Amino acid sequence: MNITANFQDIFHCAPLFFVSIFFSILFLQSGVDKLVDFKGNLKFLSTHFTNTIFKNSVCTLLYLITFLECFTALVLVVGSLMLLLCDASIAMQLIFYGIVLSNITLCCLFLGQRIAKDYAGAANIVIYQLVALLGFLFFW
């Protein structure tokens, strides 16, 4: 392994690396929180979606969003580690897929907040979505 070449790859990919770390932290913490306190999250979300089209699907949707968050975090963590330790081209592919997954996951969360008429919560997700969309610009 050429340390100098690896450092140059990391330097060139620094913005993507930090976007990847940012979303790794976000989705790992959120996904693990849902796993650790599944019942508490289910209770909260059942109340949150009481008067919505999702009221009978909350448990299934909680499993889905938990999977999406954990899988997205895993892809980004592996991509980030590969960027530091291995081949930058494979790492960049994983980070790209992680950013795609981040956008999908955030759109799902945004949809839920809008359906629940939690407009303040939806507005907060927009900030994360802008960072995720910005991630695509670093590929050009």
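No lab work stands behind these numbers, since they all come straight from the coordinates. Note that the structure is predicted; figures quoted are calculated from it, not measured. Cβ placement follows ideal geometry from the backbone for every residue including glycine, while neighbour counts extend to all protein chains displayed.
The set of residues in segment 82-98 being aliphatic (A, V, I, L, M) and buried (at least 18 other Cβ atoms within 10 Å of the Cβ) consists of Met82, Leu83, Ala88, Ala91, Met92, Leu94, Ile95.
Restricting Val131, Val126 to those that are touching a helix residue (DSSP H, G or I) at 6+ places or on another chain (Cβ under 9 Å), surrounded by 14 or more Cβ atoms within 10 Å (Cβ to Cβ) and assigned to a helix (DSSP H, G or I) reduces the list to Val131. Restricting attention to segment 53-81 and to residues that are assigned to a helix (DSSP H, G or I) and among the hydroxyl-bearing types (Ser, Thr, Tyr), the residue that is surrounded by the fewest Cβ atoms within 10 Å (Cβ to Cβ) turns out to be Thr60. Considering segment 27-52, and only residues there that are of a type in the set (Val, Ile, Thr) and under 20 Å from the mean Cα position of the chain (by Cα), the residue that is surrounded by the most Cβ atoms within 10 Å (Cβ to Cβ) turns out to be Val32.
Scanning segment 99-123 for residues that are outside any helix (DSSP H, G or I) and either surrounded by fewer than 14 Cβ atoms within 10 Å (Cβ to Cβ) or among the hydrophobic types (A, V, I, L, M, F, W, C) (or both) turns up Ala116, Lys117.
Could you please find all residues in segment 69-121 being free of Cβ contacts under 8 Å to residues at least 24 places away in the same chain, under 14 Å from the mean Cα position of the chain (by Cα) and farther than 17 Å from Ser30 by Cβ? Hits for segment 69-121 are Val78, Leu94, Tyr97, Val100. Taken over segment 15-52, the criterion of being among the hydroxyl-bearing types (Ser, Thr, Tyr) and closer than 16 Å to Gln113 by Cβ is satisfied by Ser30, Ser46, Thr47, Thr50, Thr52.
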